[in-house]
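Novice: Have a look at this one.
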Amino acid sequence: MAGMPLIGVSTYLETGARWGVWELEAALLPAGYPRLVQRAGGLAVMLPPDAPEHASATVARLDGLVIAGGPDVEPARYGAERDPRTGPPARARDTWELALIEAALSTGVPLLGVCRGMQLLNVALGGTLVQHIDGHAEAVGVFGGHPVTPVPGTLYAGVVPEEVFVPTYHHQAVDRLGTGLVPSAHAADGTVEALELPSGRGWVLGVQWHPEMGEDVRVMAALVNAAASD
C-alpha cells in the first residue's frame, strides 16, 4: 500500500449541535480522535451512522477502523434489562457500529475499539456488560485517570509493556467476554481495561480508556502500523 493509511473513525449523530449562529443536526467527533490518528501517522476520516448494509463497502475502502467512545450500548443488544443508571439508547449508532465491526472482523481490517467501542466489540462477539460500576469516572463530563496493568504475552503488552496511568471516563464495563476475546489489561479493581483477539485472528484490540485524551500515541500508532502493513 502506498501513502499513509486511511483510518475510519465512527462518530456521533446529534440533533441539537450548536456552532456560530447554527443549531442543527450534526455528525460530531471529539477532535482528539482525528488528531491522535494524525499524530500516529494515519489519515483520519469520519464515519457517521449509515445504513448497516453499507458497512462492508465502507470498511473495504479503509486501511484501519476505530470505533469511538460514546453513549451506553443498549442492553437489549446483549440480552439484558435496562438498569436505571444506563443512558438512553443510541440505536442507529449501535446498528451501524456493529455492522462496521462485523465487516472489519470478516475482512481482517485492523480494528481498535475505544471505551464504548471496546464494549461494543465484546457485545458483537456475544459478550455482556456490567451496566454500572463506581470509581472509573470522577464527575459528569470530567475525565479522571487510573493505572492499568498489561497481561504479559498479549498484543497490548507488546505495544505498552509497562503499567501506565490512563485517562478514563466510563461507568460500564465488560462482564462475560465475547467468543475468542482475551483480557489484555486490568485496572487495580480487576476491571478488564483492554481485550483482544489472539494472534492469528487479525489485529483486533479494545481499550476501556480514552487514548485520544492523553499524550501516549502507542496504541493508535500500533493500529496505524498494522493498517500500513496489510
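The values are calculated or read from the model by the stated rules, or taken from the named source; none is laboratory data. Small disclaimer: the values here were computed from a predicted structure and weren't measured. A quick note on method: Cβ atoms are made from the backbone with ideal geometry, for glycine too, and the neighbour counts reach across all protein chains shown. With ligands, DNA and RNA removed, areas are computed over all heavy atoms of the protein, side chains included. Shrake-Rupley method; radii C 1.70, N 1.55, O 1.52, S 1.80 Å.
Novice: Kindly evaluate E14 against the criterion of being open to solvent by 70 Å² or more (accessible area, probe 1.4 Å) and not aliphatic (A, V, I, L, M).
Specialist: Numbers: open to solvent by 70 Å² or more (accessible area, probe 1.4 Å): yes; not aliphatic (A, V, I, L, M): yes.
In short, yes.
Novice: Another question, then. Identify all residues within segment 63-89 that are in contact (Cβ under 8 Å) with a residue 40 or more places away in the chain and small (G, A, S); write none if there are none.
Specialist: G64, A68, G69, G70, G79, A80
Novice: Somewhere in segment 203-224, is a residue of a type in the set (S, T, N, Q) and free of Cβ contacts under 8 Å to residues at least 60 places away in the same chain? Before the answer, list the steps.
Specialist: So in segment 203-224, the residues of a type in the set (S, T, N, Q) come out as 208.
Keeping just the survivors that are free of Cβ contacts under 8 Å to residues at least 60 places away in the same chain gives none.
No: segment 203-224 contains no residue that is of a type in the set (S, T, N, Q) and free of Cβ contacts under 8 Å to residues at least 60 places away in the same chain.
Novice: Please indicate, with yes or no, whether at least one residue in segment 30-53 is farther than 18 Å from E212 by Cβ and in a helix (DSSP H, G or I).
Specialist: The answer is yes, given that some residue of segment 30-53 is farther than 18 Å from E212 by Cβ and in a helix (DSSP H, G or I).
Novice: Quick check: is even one residue across segment 104-127 polar (S, T, N, Q), open to solvent by less than 50 Å² (accessible area, probe 1.4 Å) and assigned to a loop (DSSP other than H, G, I, E, B)?
Specialist: Restricting attention to segment 104-127, the residues satisfying the condition of being polar (S, T, N, Q) are 106-107, 119, 122.
Imposing the further condition that a residue be open to solvent by less than 50 Å² (accessible area, probe 1.4 Å) reduces the set to 119, 122.
From what is left, the residues that are assigned to a loop (DSSP other than H, G, I, E, B) are none.
No, that holds for no residue.
Novice: Moving on. Would you confirm, using the coordinates I've provided, whether Y33 is under 13 Å from the mean Cα position of the chain (by Cα), of a type in the set (S, T, Y) and either on the phi < 0 side of the Ramachandran plot or at pLDDT below 95 (or both)?
Specialist: Yes, satisfied.
Novice: When segment 144-173 is examined, which residues are found to be in a loop (DSSP other than H, G, I, E, B), in contact (Cβ under 8 Å) with a residue 12 or more places away in the chain and surrounded by fewer than 16 Cβ atoms within 10 Å (Cβ to Cβ)?
Specialist: The answer is E162, E163.
Novice: Quick one: how many residues across segment 14-29 are acidic (D, E) and part of a loop (DSSP other than H, G, I, E, B)?
Specialist: The qualifying residues number 0.
Novice: Tell me, yes or no, whether segment 129-141 has at least one residue that is open to solvent by 20 Å² or more (accessible area, probe 1.4 Å), at positive phi and either in contact with a Gly (Cβ under 9 Å, 6 or more places away or on another chain) or among the hydroxyl-bearing types (S, T, Y) (or both).
Specialist: The first filter runs over segment 129-141 and keeps only residues open to solvent by 20 Å² or more (accessible area, probe 1.4 Å), leaving 130-135, 137-141.
Among the residues that remain, those that are also at positive phi are: 135, 141.
Those left that are additionally either in contact with a Gly (Cβ under 9 Å, 6 or more places away or on another chain) or among the hydroxyl-bearing types (S, T, Y) (or both): 135.
Yes, segment 129-141 has at least one match.
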